[in-house]
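Computed from the coordinates by the stated procedures, all read-outs in this text should not be read as laboratory data. Just so it is clear, the model here is predicted, and its values are computed rather than measured. Please note: Cβ atoms are built from the backbone with ideal geometry, for glycine as well, and neighbour counts cover all protein chains shown.
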Amino acid sequence: MLVKSLMGEFLHEVENTRKLLTAIPDSSLGWKPSEKNWTTGQLASHIAEVYNWYEPTLHRNVFDMATYKYDKGDISKAANIVAKFEENVIAAKDCLERATDESMFENWKMVMGSDVPIFPEMPRIQVVRGFLMNHLYHHRGELVVYLRATGNRVPGLYGPTVDDKF
């Protein structure tokens with residue numbers, strides 16, 4: 001029942017993420033709010049990348065970020081970022097479908113090249129909610145600000161925005 005509930009949220013939020021990523025015009029990919037921030041393209045690529053973390057989160061007990069490699073591909077075009085997102089979503093959905101309710105209560109940890117956890121070891125369900133889902137929602141919120149700051153249309157995720165016609 002737990003995995004089924006997570007799948008419902010996953011599928012709903014994939015649609016919201018898709019709406020947001022497809023709203024990015026190529027002309028805004030290089031924009032960033034300050035020197036220390038990511039560009040719009042980098043932020044969008046990171047959002048697509050979060051879906052790549054489902055396998056090591058759901059089917060491994062340890063995720064070693066020191067060995068993690070991710071091929072962002074060409075992020076100079078928004079369509080490329082969306083294509084990478086779509087590829088990662090297919091794999092993430094498969095990983096979630098193969099997960100079990102029992103596995104959600106097993107402990108999980110993230111390390112960086114050693115056995116020392118980056119943050120405290122915790123039940124996998126806590127990691128799924130915080131590391132995968134809430135982390136993604138946080139970055140989507142940033143992307144909404146980026147789109148608005150560059151004068152682009154912002155799609156409604158949980159209801160209409162000022163850009164929607166009533």
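Points to keep in mind about this one:
- Near Met122, the amide H atoms lying under 5 Å from its own belong to Trp108; only residues 5 or more places off or on other chains count, and H is placed 1.01 Å from N.
- Extent along principal axes [Cα atoms of the stretch 2-149; Å; largest to smallest]: 45, 33, 23
- Anisotropy class of the stretch 1-78 from Cα gyration tensor, a/c 1.5 cut: oblate
- Förster-model FRET efficiency, 22 Å R0, Asp64 and Asn37, C-beta, rounded to 0.05: 0.20
- In plain terms, the chain is cut at each of the GluC sites (Glu not before Pro) found in a DSSP loop with at most 16 other Cβ atoms within 10 Å, and the longest leftover piece is 36-105.
- Total formal charge among the other residues, if their Cβ is under 10 angstrom from that of Asp163, Lys/Arg +1 and Asp/Glu -1: +2
- GNM top mover of Tyr137, Tyr68, Tyr146 - the chain, alpha-carbon springs below 10 Å: Tyr68
- Based on DSSP H segments of at least four residues, each scored -39500 (n - 2.57), the chain has a per-residue ellipticity at 222 nm of -14500 deg cm²/dmol.
- The alpha-carbon of Lys109 sits under 15 angstrom from the alpha-carbons of these aspartates and glutamates, leaving out residues fewer than 8 places away in its chain: Glu55, Asp64, Glu121.
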